[in-house]
Amino acid sequence: MVNVGIVGVTGYAGQELMRILSSHKMVNIVKITSKSYKGESFKNLYGNYSHLNYVCDEEDMEELSKLCDVIFLALPHGLASKKINKDILEKTKIIDLGADFRLKNVDVYEKWYTEHYSKDILKEAVYGLCEINREDIKGKRLIANPGCYTTCSILSLYPLVKEGVVDLNSIIIDAKSGVTGAGRGVGLSNNYCEVNESLKAYKIAKHRHTPEIEQELSLACGKDIVINFTPHLVPMDRGILATCYANLNGNYDYGQIKSIYEKYYGNEYFIRLMEKGEFPETKWVKGSNFVDIGFEIDKRTNRIIVIGAIDNLFKGAAGQAVQNMNLIFGFDEKMGLDYIPIFPA
C-alpha cells in the first residue's frame, strides 16, 4: 500500500483523482487539501462522495511529505514550483498535474507562463507521457503530468514524427475541448449561457500547450519543430478531439501508415487504433483512460489527417497521473484505471 495525499482536491482534476484513487486497491488516501474549502467535508462539495468521510485540510507540504509516499498536486500553473524543493523530494514522490515541470527549458517556461521558483530541480522532472516515457518514469520522484491537449496531440502524431514520414514544417493541430478544461473557477466565459449553443477558438497562436507539444515532438525526431495549434471550446462537459494535419514525405498507402502506428502502439492497452474508415469520437472515451486514434490519407493533397480523442479529466489529467503512480511504484499499469468508457453520459 502507498500513502497518498492530494493537494487541490476540489478542482475538477483533483476530484477526478479522488474518484480514481478512492477505489485503487493499493492506495491509502491519508490527506486531501483545499485552499478554498479548508475544513469542509468533501462529500458536501461533491455529492457523489456521500458514502466517504474526508475533510479538506489546510495544506502543509512539510507535513504531507512525512505522511505520504506520493503527493499529487492538482494546482494552477505557477504554484507547484513554489512548493517543491530538494528537501521535499528527499521525503516523498511528487506527481504534478500542472505545467511547472513539463518544459525542460526554463526560459521557454517563463516566456509562456511565469517565473519558475525551483530551477535547481527542473532537470530531475520526467515528462509523464506513459506510452512514450515508460522506462524513464519507473521509480522516479518528480513527474510532470502532461497537459490534456498535449497528451492527445502528441500521441496522435508521435509515430509519424518519429518515423520521419511527414514534413515537420507542415503540422497543424485543430483541437476541441469540453468546458471542464477551463477549470472550476467562476468566470463569465465559462457560464452556461456563454458556452451553450456556441463554438469558439481561443488563445489563437499563443496557447500555453504549444511549446509542450513542440518539445516532445522535437525530441521524437531530433529536430526543432514549430507547429500551428488552435484550441476550441465546445459546449460539452468533458473530452478532447484533436484533428492533426501534416504533409506526407512520400507516397504512402493506408497499410504502410497503419503498420507504423501498430509498431508503436500495437501493444499499448490504453491506446485503441481505429479500423480503416472509423474515426474517434469523444463519447467513446468518456470516463476512461483510453486514447482513440484514427487516420485518413488524402491522396489528392498527399496529406494525412490524424484524429485523436481522450477524456481531458481522465487520460488528460487524473487517470494519466495514476498511471504514472503505478509505474513509479511497480504496480500493474492498469490498476485502478481499467474502466470501460461511460455511455450514455
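Phi angles of region 115-129 translate, via the Karplus equation with coefficients 6.51, -1.76, 1.60 and θ = phi - 60°, into HN-Hα couplings of 5, 9, 10, 10, 4, 6, 10, 4, 5, 6, 5, 9, 6, x, 8 Hz per residue; Gly and Pro are given as x. As a rough footprinting exposure proxy, the listed residues Y46, Y264 were ranked by other beta carbons within 10 Å of their own, and the order from fewest upward is Y46, Y264. Dipole orientation for the chain: of the candidates M335, H207, Y269, H207 has the Cα lying most toward the positive pole (charges on Cβ; Lys, Arg +1; Asp, Glu -1).
In a reduced charge model with +1 at each Lys and Arg Cβ and -1 at each Asp and Glu Cβ, region 229-345 shows a dipole moment near 260 debye about its Cα centre. Once the mean of 1/r is taken over each pair of separate Cα atoms and inverted, region 149-310 shows a Kirkwood hydrodynamic radius of 16.3 Å. Inter-part distance, region 46-71 to region 114-189, computed on C-alpha centroids, equals 26 Å. Working note: Debye formula, equal point scatterers on the alpha-carbon atoms of region 221-324, no solvent; log10 I(q)/I(0) at q = 0.19 Å⁻¹ is -1.10. For region 153-256, applying the loop criterion from DSSP together with a ceiling of 13 other beta carbons within 10 Å to the GluC sites (Glu not before Pro) yields E197.
Would region 2-124 count as rounded, prolate or oblate if I go by the C-alpha gyration tensor, calling it rounded below 1.5 in a/c and otherwise prolate when a/b exceeds b/c, oblate otherwise? Note, shape of region 2-124 comes out prolate.
Computed from the C-beta positions of K82 and W284 and an R0 of 35 Å, the FRET efficiency is 0.35 to the nearest 0.05.
Relative to its Kirkwood radius, the Cα radius of gyration of region 52-198 gives an Rg/Rh of 1.01.
State the antiparallel share, in %, of DSSP beta bridges confined to region 149-310, rounding to the nearest 5. If we restrict to bridges inside region 149-310, about 75 percent are antiparallel.
Shown here for region 131-169: trypsin sites (Lys or Arg not before Pro) in loop regions (DSSP other than H, G, I, E, B) with at most 16 other Cβ atoms within 10 Å, namely K138. Projecting the Cα atoms of Y113, Y54, I88 onto the charge dipole of region 2-124 (Cβ charges, centred on the Cα centre) puts Y54 farthest toward the positive pole.
Calculate how many DSSP beta bridges within region 171-243 are antiparallel, expressed in % of all such bridges and rounded to the nearest 5. Approximately 50 percent, going by the DSSP bridge assignments.
At 20 Å minimum axial length over the Cα atoms and a Kyte-Doolittle cut of 1.0, report the qualifying DSSP H helices in the chain, or say none. What comes out of the filter, once short or polar helices are dropped, is none.
Of all the options N28, N44, N190, the one that moves most in a Gaussian network model of the chain with Cα springs shorter than 10 angstrom is N44. A Cβ-based charge dipole, computed about the Cα centre of region 1-114 with Lys and Arg at +1 and Asp and Glu at -1, lands at about 280 debye. For region 1-16, backbone nitrogen atoms closer than 20 Å to the point 7 Å from E63 Cα along Cα-to-C-beta are found at 3-11. The residues packed around R208, meaning those with a beta-carbon under 11 Å from its beta-carbon, carry a net charge of +3 if Lys and Arg are +1 and Asp and Glu are -1.
Straight-line cross-link reach from K31 at under 18 Å between alpha-carbon atoms covers these aspartates and glutamates, not counting any fewer than eight positions away in the same chain: E16, E40, D57, E58, E59, D60, E62, E63, D69, D96. For the chain, the share of DSSP beta bridges that are antiparallel, to the nearest 5, is 45%.
Between K35 and D338, the modelled labels are 3.9 nm apart [label points 7 Å from Cα along Cα→Cβ]. Annotation for N251 and N302: the two label points, set 7 Å from Cα along the Cα-Cβ direction, are 1.0 nm apart.
Does region 17-60 come out rounded, prolate or oblate, given a ≥ b ≥ c as the square roots of the eigenvalues of its C-alpha gyration tensor, rounded meaning a/c under 1.5 and, failing that, prolate meaning a/b above b/c? It comes out oblate by the Cα gyration axes.
Once the C-beta distance of A345 and K276 is scaled by a Förster radius of 25 Å, the resulting FRET efficiency is 0.35 to the nearest 0.05. Annotation for A205 and V55: the two label points, set 7 Å from Cα along the Cα-Cβ direction, are 5.3 nm apart. In terms of its C-alpha gyration tensor, region 135-191 has an oblate overall shape, because the principal axis ratio a/c (a ≥ b ≥ c, square roots of the eigenvalues) is not below 1.5 and a/b does not outweigh b/c.
Quick note: the coordinates plus some simple rules give every number you see, no bench work behind them. This one's a predicted model, so the numbers in the text were calculated from it and none came from an experiment. We place every Cβ from the backbone using ideal geometry, glycine too, and count neighbours over all the protein chains shown.
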